[in-house]
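S.K.: Encoded as structure tokens, here's the structure I'll be asking about.
Rule-based calculations on the coordinates, nothing more; no lab input. Since the model is a prediction, treat every value here as computed from it, not as a measurement. In this analysis, Cβ positions are derived from the backbone assuming ideal geometry, glycine residues included, and neighbour counts consider all displayed protein chains.
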Amino acid sequence: MRVALFLTCVNDTLYPDTGRAVVKLLTRLGVEVDFPAAQTCCGQAHYNTGYRHQAEPLARHFSDVFGTDAYDAIVTPSGSCGAMVRELYPRMGERARAEGRGDGLARRLAPVVAKTYELTEFLVDVLGVTDVGAYYPHKVTYHPTCHGLRSLGLGERPLRLLRAVKGLELVSLPGAEECCGFGGTFAVKNSDVSAAMGADKVRHAESTGADVLCAADNSCLMHIGGTMTRLRTAVRPVHLAEILASTEEEPLS
Amino acid sequence: MSSRDLILGRVRRALADVPDAAEGPAGDGSAYEAAVDRGYAREHGGRTPEETVDLLAENLADYRAIVHHCAAEELPELLARLLAARGARTVLAPPGLPPHWLQAVDATRVRDRAASTPHELDRVDSVVTGCAVAVAETGTLVLDGSADQGRRRITLVPDHHVCVVRVPDQVVSSVPLALGRLDPTRPLTWISGPSATSDIELDRVEGVHGPRTLEVVLMSGE
Amino acid sequence: MSGGAFVGMPAFPPFPRAAHEAVRNTTLRANLRHATHTIRDKRARAVAELDDWAELREAGKRIKDETLRHLDRYLEQLEESVVRAGGTVHWAADAAEANRIVTELVRATGETEVVKVKSMATQEIGLNEALEAEGIHAYETDLAELIVQLGKDRPSHILVPAIHRNRGEIRDIFREEMGAWGRPAPDGLTDTPAELADAARLHLREKFLRAKVGVSGANFMVAETGTLVVVESEGNGRMCLTLPETLISVVGIEKVVPTWRDLEVFLQTLPRSSTAERMNPYTSMWTGTSDAQTADGPRAFHLVLLDNGRTDTLADEVGRQALRCIRCSACLNVCPVYERAGGHAYGSVYPGPIGAILSPQLRGTGSEIDASLPYASSLCGACYEVCPVAIDIPEVLVHLRERVVQGGEVTRRGVKVTLKPARGHAAERAAMRAAGFVFARPGALRLGQRLASRTRRFHPRTLPGPGRAWSAARDLPKVPAEPFRDWWERTRGGAAQGSGRQEVSGK
């Protein structure tokens, strides 16, 4: 099986460790991973801020880069970017049609919509594994990010993967399904409310006594982590992929 | 142009993008029904008539109605006891209430007249009525203004309402089944427990403007 | 703001500015948190009791969509049915016209006071203020509305307008204000909810018993029968709907449903979504007027059908789904933004997620507050998840953001107009364009990433200027030594020889 890693611009620029972890994890599971170097950004920030027309060229570029038959699947370690492709690309196509621009855009985007998977979906649904042979001797609490939870419907998948990790003690997070307050440009446009939501999320994480708050989306973790260091919290943010990549032989510190 | 024509014109222009808006629903409503697709349940779970009555009792009690059971011949005695226990000196009875229901009652009977003022009703201690249908899944009584239920205000202004439900005949499982039994042209009041409010901190408290005490008699064997 | 809509409403500050104050108000935060969390869990339990919830939700959505797509027909049918049953139907294109109609109807009765059932439509049009200006006193009879009216306050929630008040504050308002409006609060009134409810009962009873005119809204209007439905809890609705001689109901045109049978869906979904009850304590259904013989309820019934921006909303093919709303307020109760900003920040009688998509459509996006509302959301989607008629609120929010920043064609007061892009978004637009330029060119992206990595030791963890909005509460992430793409290029994924180990573990 050959997959294209759709890393996302945020991970590429700021969180390369997550990218390396996905590569390591998938390789360990016998998957051939490629990183199409021409990839940039899926256009989510543009779209969600109201710049749909400026998101369209990015979507077309995405489709050109990833939509080839060379890949069996497109895998991304981000619930929100995954949801952008899966949920919002079709909507962009529909809107273009409704605006009298035909179904060219919808057709162009269709191939990537059909084979884009968020990482935990790919592991559980496509590869059929929940025990990925990981080892991570820490107390962990899991925050389901909104787009993964509600747009993609990831459900129990991330938790099943975490429960199978050797040495990992999973503790439940109070108010887990409440948004952390990131929300893309919301974090700056409504920074007071966003910060209040972030502080509540961090307090909840702290109340669990966990060492690590795990999520499957670094955008949210950037906001939560930035709040954690500001509030001098003992909990650390770690992307799920990095936990799953960690093994007894090569532990994640 | 009248505002009526203005608004209807705006509606039609607003729907210009909708392909079949102009055609409208078929006269017999079949196109509408096909579009709606009522894939939901007519009732939730299968129950015997006895179980349905039990569920009604349970749900009525859950919302703080006081539930009593009796056989038809025990009703006059029970009603007399309930009104006495309440200390009711006056009891209002709708015109078509079976006369024998209140035969053992000591309280003075008050007749409701079209000319009765709300202030007169406010001085009545208790009211006894029948009902049109009761809904088990929601713990609801529906009154439709029939002769044994009377005008809507008589079950509203007095502070104590005793409602007699003939079981199992008047009990249905669900809201869809209840609507099917009701006549929309009648004034209908759906009652689920005594009056209540969630307006203080979104927590439910019983007892605001309607009767603060609702007693329900589930009468069998009539 | 469009002409006569929302008369009497002051200009509200944009959402972020209002929220800035609200998040610092610890009493408000505690009140909202307590109330919304209480109802949130209960709603989930009430919904879980019905195993066909998804089907009910879908049917509710379809009923509303089918109604909207033939709205003209159903309104005509409704009018015919109401008239046949003895009622009179009036049509009001905007708030001013609706207020004028109601004022004239009350005047014609010779009365100078009316009792009111809680109604969003009459709040939306500012009816109480309009009546007051004509010397007619409108008494709110819903407990929460009473608290708001006595406290000279603004409503902050659709279902519980005084949700921002806790029991202690309510007791103080009752003690201080009831006397000026009628029967004073009982001596020694405490803050227990039962006592507070009892005080409201005593205070309002004299008003109910003498009322000659009632004013209401309606939750549903059935086209085929002409039946109106009011769903309530306290019995104040029943009082207003049955004791007065004249009843005036002001109802938005989108509240019509085609058939009697349609109620079987909404009478299951509304109470559970709203107060988290299997059924609310009281639901009243009436068709036209009562005759002299039975004398059961008002002898005169007037229905005022209200547009006030609804047809403009209907003209927007993405935004029109907001008209499915049955005003349950489940979206408010689950919204993390509402919980922290409070209802007043939304500058409208419709707060919360539904307000953020309804107000800018009913009123247009011309004012500061209305242009800011589409951004008052992190797009978390909790509102859509609980909506009993499946309004995709995030979808409409994003659509309205587009309208704000890009402008385009909209309908205002029935006329198509082209909006210019809103001012105040110029810098953002430029940034988005620049980002678009970079993202269209992987080479440019790489250049930027490398530049960031090389200068990373000089990066501050907080930002000056507009970036303060981020770094006031959060540290910036550290920029890594190299972006992923450089690592990949250097090592071909490190995995070519299975030697990605140092790379991966080198955190």
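S.K.: So what's the back-of-envelope 222 nm ellipticity for the protein assembly as shown, counting only DSSP H runs of four-plus at -39500 (n - 2.57) apiece and dividing by all residues, rounded to 500?
M.R.: Values: 42 runs with 414 residues, N = 982.
It lands at -12500 deg cm²/dmol.
S.K.: For the pairs C:Lys118/C:Lys255; A:Lys24/A:Lys115; C:Lys207/C:Lys255; C:Lys255/C:Lys416, note any where the Cα-Cα span goes beyond 18 Å. Each step should come with its number before you reach the end.
M.R.: Values: C:Lys118/C:Lys255 16 Å; A:Lys24/A:Lys115 21 Å; C:Lys207/C:Lys255 29 Å; C:Lys255/C:Lys416 24 Å.
Over 18 Å Cα-Cα: A:Lys24/A:Lys115; C:Lys207/C:Lys255; C:Lys255/C:Lys416.
S.K.: From the phi of every residue in region C:144-155, what ³J(HN,Hα) in whole Hz does the Karplus formula 6.51 cos²θ - 1.76 cosθ + 1.60 yield, where θ is phi - 60° and glycine or proline is x?
M.R.: Once rounded to whole Hz, the list reads 5, 5, 4, 4, 5, 5, 5, x, 6, 10, 10, x.
S.K.: I would also like to ask the following. Taking the dipole about the Cα centre of region A:139-245, with the C-beta of Lys and Arg at +1 and of Asp and Glu at -1, give me whichever of A:Cys146, A:Phe186, A:Val212 is farthest to the positive side.
M.R.: Towards the positive end, the residue furthest out is A:Val212.
S.K.: Same structure, new question: Would you mind getting me the FRET efficiency between C:Asp191 and A:Arg203? Use the beta-carbon distance for r and R0 = 22 Å, nearest 0.05. Before the final figure, lay out each step's value.
M.R.: Values: r = 28 Å, r/R0 = 1.29.
Given R0 = 22 Å and the Cβ-Cβ separation, E is 0.20.
S.K.: List residues of region B:173-206, by number, whose backbone nitrogen lies under 11 Å from a label position 7 Å along Cα→C-beta of B:Ser146.
M.R.: Under cut-off, by backbone N: B:182-183.
S.K.: Right, something else. Return the sequence-ordered ³J(HN,Hα) values of region B:59-74 in whole Hz as given by the Karplus equation 6.51 cos²θ - 1.76 cosθ + 1.60 applied to θ = phi - 60°, using x for Gly and Pro.
M.R.: 6, 4, 5, 4, 9, 6, 7, 9, 9, 10, 10, 7, 8, 3, 6, 8
S.K.: Percent relative contact order of chain A, based on C-alpha pairs within less than 8 angstrom and at least six residues apart?
M.R.: On the way: 449 pairs, mean separation 50.2, N = 253.
Relative contact order here is 20 percent.
S.K.: Between B:Ala84 and B:Thr48, what FRET efficiency comes out of the Förster formula 1/(1 + (r/R0)^6) with R0 = 35 Å and r the beta carbon distance, rounded to 0.05? Can you show the working numbers first?
M.R.: On the way: r = 35 Å, r/R0 = 1.00.
Computed FRET efficiency for B:Thr48 and B:Ala84 comes out at 0.50.
S.K.: Run the dipole for region A:1-57 about the Cα centre, Lys and Arg Cβ at +1, Asp and Glu Cβ at -1, nothing else charged, and hand back the magnitude in debye, nearest 20.
M.R.: Values: 5 positive and 5 negative charges, 29 e Å.
Computed about the Cα centre, the dipole is about 140 debye.
S.K.: Under a point spin-label approximation (7 Å from Cα along Cα-to-Cβ), what is the C:Arg454-A:Arg2 distance to one decimal in nm?
M.R.: According to this spin-label approximation, the distance is 3.5 nm.
S.K.: Using Cβ contacts closer than 10 Å as the measure, can you line up A:Met84, B:Met1 from fewest to most?
M.R.: Details: A:Met84 30, B:Met1 7.
Neighbour counts put them in this order, fewest first: B:Met1, A:Met84.
S.K.: No partner Cβ under 4.7 angstrom, meaning no disulfide-compatible partner by this rule: which Cys of chain A qualify?
M.R.: A:Cys42, A:Cys81, A:Cys180, A:Cys214, A:Cys220 - these cysteines have no disulfide-compatible partner (Cβ-Cβ under 4.7 Å) in chain A.
S.K.: Compute the distance in nm between two label points, each set 7 Å from the Cα along the Cα-to-Cβ direction, one at C:Thr26 and one at C:Arg468.
M.R.: If labels sit at C:Thr26 and C:Arg468, their model points lie 2.5 nm apart.
S.K.: Sticking with this structure for a sec: Projecting each Cα onto the charge dipole of the protein assembly as shown (Lys/Arg +1, Asp/Glu -1 at the beta carbon, about the Cα centre), which of C:Leu75, C:His164, A:Ala195 comes out farthest on the positive side?
M.R.: Comparing the listed Cα positions along the dipole, A:Ala195 ranks first.
S.K.: Follow-up question, since we're still on this one. Search the structure for amide H atoms under 5 Å from the amide H of C:Val114, placed 1.01 Å from N in the peptide plane, and list their residues when 5 or more places away or on another chain.
M.R.: C:His137, C:Ala138, C:Tyr139
S.K.: What GluC sites (Glu not before Pro) in region B:48-117 are in a loop by DSSP, with at most 16 other Cβ atoms within 10 Å of the Cβ?
M.R.: Values: sites: B:Glu50, B:Glu51, B:Glu58, B:Glu73, B:Glu74, B:Glu77; in loops: none.
Listed in order of number, the matching sites amount to none.
S.K.: Something else about it: Taking H placed 1.01 Å from N in the peptide plane, check which residues at least 5 places from B:Thr140 or on another chain put their amide H under 5 Å from its amide H.
M.R.: Correct list: B:Val135.
S.K.: Name the residues whose placed amide hydrogens come within less than 5 Å of the amide hydrogen of B:Leu92, ignoring near sequence neighbours (fewer than 5 apart) on the same chain.
M.R.: Those lying under 5 Å, H to H, from B:Leu92 are B:Val110, B:Ser126, B:Val127, B:Val128.
S.K.: Next question, about the same structure. Hey, quick one: spin label on B:Ala41, modelled 7 Å out along Cα-Cβ, who in region B:168-206 has an amide N within reach, i.e. under 19 Å?
M.R.: B:171-180
S.K.: Residue by residue through region C:16-27, what is 3J(HN,Hα) from phi via Karplus (6.51 cos²θ - 1.76 cosθ + 1.60, θ = phi - 60°)? Round to whole Hz and write x for glycine and proline.
M.R.: With coefficients 6.51, -1.76 and 1.60, one gets x, 6, 5, 5, 4, 6, 4, 5, 8, 8, 5, 5 Hz.
S.K.: Does chain A come out rounded, prolate or oblate by the C-alpha gyration tensor, with a ≥ b ≥ c the root eigenvalues, rounded set by a/c under 1.5 and, if not, prolate when a/b is larger than b/c and oblate if not?
M.R.: Numbers: a/c = 2.15, a/b = 1.29, b/c = 1.67.
Because a/c hits 1.5 or more and a/b fails to exceed b/c, chain A counts as oblate.
S.K.: Where the centroid of each part is defined by its Cα atoms, how far is region A:40-87 from region C:392-468 in Å?
M.R.: Between the Cα centres of region A:40-87 and region C:392-468 lies a distance of 16 Å.
S.K.: Let me ask another. Rounded to the nearest 0.05, what FRET efficiency do B:Arg12 and A:Arg160 give with R0 = 51 Å and r taken as the Cβ-Cβ distance? Could you check?
M.R.: Numbers: r = 53 Å, r/R0 = 1.04.
Step by step, r from the Cβ atoms, then E = 0.45.
S.K.: Hey, another quick one. So which residue, out of B:Ser198, B:Ser126, B:Ser116, gets the largest mean-square fluctuation from a GNM of chain B using Cα contacts under 10 Å as springs?
M.R.: Largest GNM mean-square fluctuation: B:Ser198.
S.K.: Under the classification rounded if a/c is under 1.5, otherwise prolate if a/b is larger than b/c and oblate if not, where does the protein assembly as shown fall, given a ≥ b ≥ c as square roots of the Cα gyration tensor eigenvalues?
M.R.: Numbers: a/c = 2.09, a/b = 1.81, b/c = 1.15.
In terms of gyration-tensor shape, prolate.
S.K.: Mind sorting C:Lys212, C:Lys118 by how few other Cβ atoms lie within 10 Å of their own Cβ, fewest first?
M.R.: If I rank by nearby Cβ atoms, fewest first, I get C:Lys212, C:Lys118.
S.K.: Count neighbours as other Cβ atoms within 10 Å of each site's Cβ, and list the trypsin sites (Lys or Arg not before Pro) in region C:254-350 that are DSSP loop with at most 14 such neighbours. List each step's numbers first, then the result.
M.R.: On the way: sites: C:Lys255, C:Arg261, C:Arg272, C:Arg278, C:Arg299, C:Arg310, C:Arg320, C:Arg324, C:Arg327, C:Arg340; in loops: C:Arg278, C:Arg299, C:Arg327.
Taking region C:254-350 and a limit of 14 other Cβ atoms within 10 Å, the loop trypsin sites (Lys or Arg not before Pro) found are C:Arg299.
S.K.: For a test of the definition: using alpha carbon positions, the gyration tensor, and the 1.5 limit on a/c, classify region B:49-220 as rounded, prolate or oblate. The partial results should precede the final answer.
M.R.: On the way: a/c = 1.35, a/b = 1.17, b/c = 1.16.
The shape class here is rounded.
S.K.: Using 7 Å Cα-to-Cβ label points, what is the B:Asp169/C:Ala426 separation (nm, one decimal)?
M.R.: Those two pseudo-labels are separated by 8.0 nm.
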